[in-house]
Amino acid sequence: MDNTLVNFNAHLPKYAIGTNRPSEKLDSDARSAKIRMWREIENTPNFWRDLPMTDGISSVLNAAQNIGELFVLSKTPRAKNFIGGEEYVNFVASEKRDWILRNLGDYFVVQNIIICTGPKGELVSPTT
């Protein structure tokens, strides 16, 4: 969802651009900026609800819809990022689902919206 359906970076403070990556891939300054970013997001009312749609996504979804049924797989940030912990993560999941249905409900039905916690790669990587 983030930076695919929505322009997540457009809603971030400038200092946080590029910090939404695994912490082990960031230097100490970027890790500090990432922590600050998550705190600001948590304290911004309607942050998730007000994310802007990615330019041109409707055209992409129109084309994809002609091929077959559409699904969304999205991930919430981990609870350790937030003072509100799991309660805030559940709120984020609800906000993401609501955003999709409100903005892209012509393309997705609720049963095809999968919001999860944990690494996305574990869900989409083929098993060997």
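Each row is one residue, and each column tells you yes or no for (1) under 21 Å from ASN103 (Cβ atoms); (2) in contact with a Leu (Cβ under 8 Å, 6 or more places away or on another chain).
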{"site": "ILE35", "(1), (2)": "no, no"}
{"site": "TRP38", "(1), (2)": "no, no"}
{"site": "GLY56", "(1), (2)": "yes, no"}
{"site": "VAL72", "(1), (2)": "yes, yes"}
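Note on segment 1-50: among residues that are aromatic (Phe, Trp, Tyr) and touching a helix residue (DSSP H, G or I) at 6+ places or on another chain (Cβ under 7 Å), the one that is nearest to PHE91 (Cα to Cα) is TRP48.
Every number in this text was worked out from the coordinates using simple rules, so none of it is lab data. For clarity, every value in this text was computed on a predicted model and none was experimentally measured. Here Cβ is always computed from backbone atoms with ideal geometry, including for glycine, and neighbour counts include all displayed protein chains.
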